[in-house]
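What follows is a short report on a single structure.
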Amino acid sequence: MDTNPDKVNLAQGTYRDEDGQPWILPSVRLAEESLGTPGHEYLPIAGLKPFRDEAVKLVFGATKAYAENRIASCQSLSGTGALLFAGLALKKAATGITTVYITDPTWSNHELLFSSLGFEVRQLPYYKDRAFDFDGCMAALASADAASAVVLHACAHNHTGCDPSPEQWKRIASVIVERGAFPVFDSAYLGFNSGSVDDDAWAIRYFVDELGLEAAVCLSFAKNMGLYGERVGAVTFVAGSADGARTVGSVLENVQRATVSNPPAHGARIAAAVLGTPSIREQWAKDLVTMSGRIRAMRQKLYDELVRLQTPGAWSHIVKQSGMFGYTGISKSQVQHLEEKYHVYMADTLRISIAGLNEKNVEYFAKALDDTVRSVE
């Protein structure tokens with residue numbers, strides 16, 4: 001273990017406060033206090049109904065699909081479990097989907113998970129010249145068809161922090177409609193990205209409500225509630241009819257029973273209380289602004305320091321990106337140099353967690369990065 005006092009950990013994908021410490025959200029504290037002693041009985045196979053209802057309402061509450069009871073849901077083991085259930089449901093429902101498209105780069109679990117389920121995994125070029133590779137993504141997406149599912153990051157793209165603009169989202173959606181592919185949204189950062197759940201859910205609602213598409217939406221409450229170890233998530237499917245949603249719901253219960261049998265209760269109760277109690281929900285909205293605002297401030301501070309140091313290269317991409325993560329654009333040898341000389345740790349994928357920066361270490365990191373860029377190729 002590195003005991004150097006200047007050590008900076010930018011590898012871990014968890015939120016940290018201004019002192020570099022884990023932060024229990026005030027809304028989560030209030031929710032825990034409200035729970036009392038609910039006991040330790042099993043939940044229903046599909047999970048805690050108040051949690052599922054609130055999670056569905058959070059994303060889809062104002063949509064036609066919600067009003068028409070066309071949404072099936074099942075509690076899952078955070079986002080990973082939601083993606084697993086989505087893949088298993090697509091298999092069990094005999095959809096004919098054999099290929100899953102993921103972005104390149106993306107969260108490493110995407111390829112591991114879908115390939116382990118027997119899907120052919122193909123990549124969509126996503127990052128070029130320190131920005132979203134829209135043209136490359138669209139060209140590759142044109143090869144999708146009705147036997148394809150496309151995994152889309154709802155917001156705060158992991159790894160790059162580069163999200164499509166609303167106009168780009170519309171063009172991506174038009175290709176998916178044209179090709180008959182099935183959209184699967186990985187939504188791990190609702191509210192955490194911009195501070196607004198509604199803003200961060202825009203792409204999902206455009207696909208589902210404006211275009212009327214069927215889709216899967218995989219939700220995690222690890223990041224936006226800080227419930228990392230509680231594994232709180234949900235998979236939702238928007239179906240074409242209420243009968244279709246009931247059928248999908250049965251498939252999801254079957255998937256749950258065959259895998260984890262019964263989901264954990266405590267984290268789901270916390271999330272249900274946060275979402276379903278007006279006063280706590282109001283505090284959660286403030287917590288989201290606190291987290292997203294601090295991360296944006298650290299992006300700006302890092303950029304300003306690099307400009308002040310006249311660090312070689314262009315660095316505006318740091319402030320153009322959003323969410324917890326940032327793509328630096330440096331080389332693997334430079335990553336190694338940062339670790340060996342400056343005790344700065346980041347992912348081998350060249351991704352950094354902006355949440356690991358604070359007022360005490362951001363200048364140190366900027367100086368370390370400046371020296372590294374100047375001295376190592």
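The values are calculated or read from the model by the stated rules, or taken from the named source; none is laboratory data. All values derive from a computational prediction rather than experimental measurement. We place every Cβ from the backbone using ideal geometry, glycine too, and count neighbours over all the protein chains shown.
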Checklist line | The one condition in (1) farther than 17 Å from Glu305 by Cβ; (2) surrounded by fewer than 16 Cβ atoms within 10 Å (Cβ to Cβ); (3) free of Cβ contacts under 8 Å to residues at least 24 places away in the same chain; (4) not acidic (Asp, Glu) that Ser375 fails to fulfil | finding: (3)
Check: How many residues are surrounded by 23 or more Cβ atoms within 10 Å (Cβ to Cβ) and either more than 29 Å from Glu54 (Cα to Cα) or of a type in the set (S, T, N, Q) (or both) when one looks only at segment 163-191?
Finding: 1
Note to self: Every residue in segment 30-53 that is outside any loop (DSSP other than H, G, I, E, B) and exposed (fewer than 14 other Cβ atoms within 10 Å of the Cβ), please.
What the structure shows: Glu33, Leu35
Notebook entry, point to check: Counting only residues that are closer than 30 Å to Arg52 by Cα, free of Cβ contacts under 8 Å to residues at least 24 places away in the same chain and acidic (Asp, Glu), how many does segment 275-319 have?
Noted result: 1
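For (1) outside the structural domain of Thr236 (by TED's automatic domain parsing); (2) within 12 Å of Gln75 (Cα to Cα); (3) surrounded by 16 or more Cβ atoms within 10 Å (Cβ to Cβ); (4) in contact with a Pro (Cβ under 6 Å, 6 or more places away or on another chain), each residue gets a yes or a no:
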site	(1), (2), (3), (4)
Gly249	no, yes, yes, no
Leu252	no, yes, yes, no
Pro264	no, yes, yes, no
Gly267	no, yes, yes, no
Val274	no, no, yes, no
Trp284	yes, no, yes, no
Next item on the list: Could you check, for segment 192-203, whether at least one of its residues is surrounded by 18 or more Cβ atoms within 10 Å (Cβ to Cβ), modelled with pLDDT under 95 and on the phi > 0 side of the Ramachandran plot?
Entry: no
Notebook entry, point to check: What are the residue pairs meeting all of these: first residue in segment 118-146, first residue closer than 14 Å to Trp169 by Cα, second residue in a strand (DSSP E or B) and among the β-branched types (Val, Ile, Thr), Cβ atoms under 6 Å, and 6 or more apart or on different chains?
Noted result: Tyr126/Thr103
Next item on the list: Of all residues in segment 1-29, count the ones that are under 23 Å from the mean Cα position of the chain (by Cα), under 25 Å from Ser108 (Cα atoms) and surrounded by fewer than 12 Cβ atoms within 10 Å (Cβ to Cβ).
Entry: 1
Margin query: Is it the case, given these coordinates, that Asp6 is in contact with a strand residue (DSSP E or B) (Cβ under 9 Å, 6 or more places away or on another chain) and closer than 30 Å to Phe85 by Cβ?
Written below: no
Next item on the list: Output the residues belonging to segment 108-154 that are closer than 22 Å to Ala215 by Cβ, aromatic (Phe, Trp, Tyr) and under 18 Å from the mean Cα position of the chain (by Cα).
Entry: Phe114, Tyr126, Phe132
Next item on the list: Working only within segment 1-17, note down all residues that are farther than 17 Å from Asn224 by Cα, in contact (Cβ under 8 Å) with a residue 24 or more places away in the chain and not β-branched (Val, Ile, Thr).
Entry: Asp2, Asn4, Asp6, Lys7, Asn9, Leu10, Ala11
Next item on the list: Mind telling me which of the residues Thr160, Thr80, Thr103 ends up being in contact (Cβ under 8 Å) with a residue 24 or more places away in the chain, assigned to a loop (DSSP other than H, G, I, E, B), under 28 Å from Phe192 (Cα atoms) and within 19 Å of the chain's Cα centre (by Cα)?
Entry: Thr160
Check: So Ala366 clears everything in (1) surrounded by fewer than 20 Cβ atoms within 10 Å (Cβ to Cβ); (2) of a type outside the set (Val, Ile, Thr); (3) over 26 Å from the mean Cα position of the chain (by Cα) except one condition, right? Which one?
Finding: (1)
Checklist line | Residues that are buried (at least 20 other Cβ atoms within 10 Å of the Cβ), on the phi < 0 side of the Ramachandran plot and either of a type in the set (D, E, K, R) or not in a helix (DSSP H, G or I) (or both), drawn from segment 302-344 | finding: Trp315, Gln321, Ser322, Met324, Phe325, Gly326, Tyr327, Thr328, Val344
